[in-house]
Amino acid sequence: MCCAYCGKICVISNTRDKSVNAADSATLDHIVPQKELMIQALDDRDYFLRVRKDPKNLVLACGACNSSKQHDPLSVWCAKKNLDHGKIMVEIGSRISRS
């Protein structure tokens, strides 16, 4: 499995496994940050039961990218990292359509 953002091969591991570097670990990242999702939700229940867990908003990301992106919208983070936002969105879209 590879990071949706940088393409690095990610390691799926138990969080207690100290032999795996956190930067290489597979994590789930919200494409639209949770902070923004909370604002868009109708109420707390809507946020926790529907909006936050929408699989179309989750991608596999390496720990390094996920940690770096934090609460930034994808477009802002891509600009900071000098990454091609359009290319990343096309790749994410193709992965969603394949699943």
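Values in this text are rule-based calculations from the coordinates and carry no lab data. Not measured: the values here are computed from a predicted model. Note that each Cβ is placed from the backbone with ideal geometry, even for glycine, and that neighbours are counted across all protein chains shown.
Assorted remarks:
- Taken about its Cα centre, the chain carries a charge dipole of roughly 180 debye when the Cβ of each Lys and Arg holds +1 and the Cβ of each Asp and Glu holds -1.
- Put a dot 7 Å past the Cα of Leu83, heading toward its Cβ, do the same for Arg50, and the two dots end up 2.9 nm apart.
- Between the entries (1) 15, 43, 33, 8, 0; (2) 14, 38, 26, 14, 7, 1; (3) 16, 39, 28, 15, 3, the label attached to P(r) over Cα pairs in 10 Å bins from 0, in percent calculated for this structure is (1).
- Note that region 76-82 has calculated 3J(HN,Hα) couplings of 5, 5, 4, 5, 5, 8, 6 Hz, one per residue in order, obtained from phi through the Karplus relation 6.51 cos²θ - 1.76 cosθ + 1.60 (θ = phi - 60°); glycine and proline are x.
- Of Val20, Gly93, Gln70, farthest towards positive along the dipole that unit charges on Lys, Arg, Asp, Glu beta carbons give the chain: Val20
- Of the trypsin sites (Lys or Arg not before Pro) in region 52-99, those whose Cβ has at most 12 other Cβ within 10 Å and which sit in DSSP loop: Lys53
- The chain: angle of helix 85-98 to the longest principal axis, Cα-based, in degrees nearest 10: 80 degrees
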